[in-house]
Amino acid sequence: MIARLLDRALTLSEWLLVLALAAMVVMVFGNVVLRYAFDGGITVSEELSRFLFVWLTFLGSVAVMRQNGHLGFDLVVRALPRAGRQACRILSDLLMLACCALFLWGAWEQTVLNLSNAAPVSGLPLGWAYASAVLCALGLMLLVGADLLAALRGEDPPGPPHDLAEPGA
């Protein structure tokens, strides 16, 4: 049930990424047309595009983590027996959880600190931009935590078996 709820939340975040990218394209392209064709523009579109880009980056990293798309170096781990690969996976997940916890703490501090600061053009609280990092850290922690639980249960990681994986991928 939790996996299904997490899957729906991640699907929703992917749709939000699509909408954010579409809004950015429309705002930036519209501003370019307004500048060159009518010698004007919408000043708030640059700032909103910047905010959306920050959200796109942080939510996108969670979507990429869900698909195991982040870069990794597994040359040594692939040479280990299954028990060694599982031990490395558990250690890696624990280290990633520690990094995510540190990231969450710093992002939360920045979000709270910047909620009272307003963006110069739109007047939106700058803390909203930092809130994307908070959601990113939470999302990554959920995904890594789920992988850690699977590793502790002895399950193999999702994806093709290591022997069939593309070299250098």
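The residues of region 1-41 that are at pLDDT below 85 and exposed (fewer than 14 other Cβ atoms within 10 Å of the Cβ), listed by number, are Met1, Ile2, Ala3, Arg4, Leu5, Asp7, Ala9, Asp39, Gly40. Among the residues of region 76-98, those identified as more than 21 Å from the chain's Cα centre (by Cα), assigned to a helix (DSSP H, G or I) and either over 20 Å from Ala146 (Cβ atoms) or of a type outside the set (A, V, I, L, M, F, W, C) (or both) are Val76, Arg78, Ala79, Arg82, Ala83, Gly84, Arg85, Gln86. From the set of residues in region 99-124 that are in a helix (DSSP H, G or I), of a type outside the set (D, E, K, R) and open to solvent by 60 Å² or more (accessible area, probe 1.4 Å), which is nearest to Gly145 (Cα to Cα)? So the residue we want is Cys99.
Across region 59-76, the qualifying residues are those that are touching a residue at least 24 places away in the same chain (Cβ under 8 Å) and of a type in the set (A, V, I, L, M), and the one among them that is most open to solvent (accessible area, probe 1.4 Å) is Met65. Taking residues in region 109-128 that are without any contact (Cβ under 8 Å) to a residue 24 or more places away in the chain, and partners anywhere that are among the aromatic types (Phe, Trp, Tyr) and open to solvent by 40 Å² or more (accessible area, probe 1.4 Å), the pairs with Cβ atoms closer than 6 Å and at least 6 places apart or on different chains are Gln110/Tyr130; Thr111/Tyr130; Asn114/Tyr130.
Given (1) over 25 Å from Arg8 (Cβ atoms); (2) in contact with a Ser or Thr (Cβ under 7 Å, 6 or more places away or on another chain); (3) modelled with pLDDT of 90 or more; (4) open to solvent by 30 Å² or more (accessible area, probe 1.4 Å), identify the lone condition not met by Gly127. Every condition holds for Gly127 apart from (4). Do we have any residue at all in region 64-75 that's part of a helix (DSSP H, G or I) and small (Gly, Ala, Ser)? Within region 64-75, not a single residue is part of a helix (DSSP H, G or I) and small (Gly, Ala, Ser). Scanning region 138-155 for residues that are surrounded by 13 or more Cβ atoms within 10 Å (Cβ to Cβ) and either closer than 23 Å to Trp105 by Cβ or touching a residue at least 40 places away in the same chain (Cβ under 8 Å) (or both) yields a total of 12.
The values are calculated or read from the model by the stated rules, or taken from the named source; none is laboratory data. Given the structure is predicted, the values throughout are model-derived calculations rather than measurements. When we count neighbours, we look across all protein chains shown, and the Cβ atoms used for this are built from the backbone with ideal geometry, even at glycine. The accessibility values were calculated without ligands, DNA or RNA, using every heavy atom of the protein model including side chains. Shrake-Rupley method; radii C 1.70, N 1.55, O 1.52, S 1.80 Å.
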